[in-house]
Amino acid sequence: MIRDFIYLDIERVRSFLAQMTQGLTSERTVDSGHEIGGAVAGEGRVPFLVRGEATADYRFSRTQHETKSLHDYIFAELLNQLDDDQLLRLPQADFRWEPEAFHDGDFVLTSGIVKIVDYESGLETLQNLPKLMRSVSKLASFGAKQGQNLDVKSVESQLRSLHLSDVGSFIDQFYGGLVRIKVYPYGEPSYVFVGTAEKASFRYSPAALSSLYGSIIDAGWQCLLQVNIGKSHTTEKFGETGSQIEDAVEMLIDQLGMLTNLAQGVQFPSIAMTPIAVYREIGT
């Protein structure tokens with residue numbers, strides 16, 4: 001089986017695998033090269049550290065690195081280590097989507113419809129909308145000559161009523177730099193895993209994926225994720241220290257946190273999760 005990774009959080013994979021296999025070297029390969037010339041003998045095998053030995057007559061330099069291809073192999077090791085008791089596979093015909101069915105830290109391997117929302121790219125598009133609409137207006141005037149109708153003035157009027165600068169500020173404050181991954185194992189909106197992804201862990205940019213597949217991606221992708229379940233508490237119970245100034249500042253921060261939770265929080269039947277890997281299987 002070949003896996004083509006769309007997203008891979010390699011640091012989590014390395015951490016989990018290191019704990020399950022009693023240790024994992026920080027670097028998997030060592031390239032040994034010489035400045036003048038000479039023989040180099042290597043020993044070892046993937047995935048363990050390769051040791052290089054050289055004759056004493058030459059000066060050698062070593063560069064330690066770990067390639068993306070080896071990252072993919074490490075993920076395969078982790079997946080092989082997870083047994084049925086540690087891994088929930090979805091969708092299942094007899095699975096009941098209830099709060100009690102999920103526990104904090106559960107590993108879930110699922111497939112289904114995937115939606116990736118890149119708020120930063122969306123904000124850039126939003127900020128460029130006025131210029132974009134002017135260009136569309138010119139194209140529309142050309143289209144009108146060809147007998148096509150496009151009510152650009154109506155669209156422009158709607159954009160002005162949105163107060164784009166205010167909308168942009170709101171998105172930048174609460175969603176700036178945020179990439180959401182939503183996974184629908186059963187292909188319907190009621191049952192969804194929602195998580196925040198690290199942009200650097202994408203092999204393809206979210207914008208490129210949207211242009212290739214559209215905003216709703218139904219391509220049978222596999223997703224390994226980790227469930228996040230916590231209890232809800234009011235901040236008032238945990239906000240007093242005895243210092244009036246500190247308590248006042250903390251109360252203000254708590255209020256801002258409540259706004260952030262209102263904007264980004266996940267409520268059942270949606271399930272909060274941390275994405276570990278998103279990939280497509282080739283040759284199955």
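Read the figures in this text as sums done on the coordinates, not as results from a lab. Because the structure is predicted, anything quoted here is derived from the model rather than measured. A quick note on method: Cβ atoms are made from the backbone with ideal geometry, for glycine too, and the neighbour counts reach across all protein chains shown.
Couple of notes before you dig in:
- Segment H103-D4, extension gain: residue separation times 0.36 nm, minus the distance between their alpha carbons: 32.7 nm
- For peptides 73-83, 192-202, sequence by mean Cβ density within 10 Å, most packed first: 192-202, 73-83
- If the chain linking L212 and N80 were pulled fully straight, counting 0.36 nm for each residue of separation and taking away their Cα-Cα distance, it would gain 44.4 nm.
- For A93 and S232, the FRET efficiency from 1/(1 + (r/R0)^6), where r spans their Cβ atoms and R0 equals 30 Å, is about 0.45.
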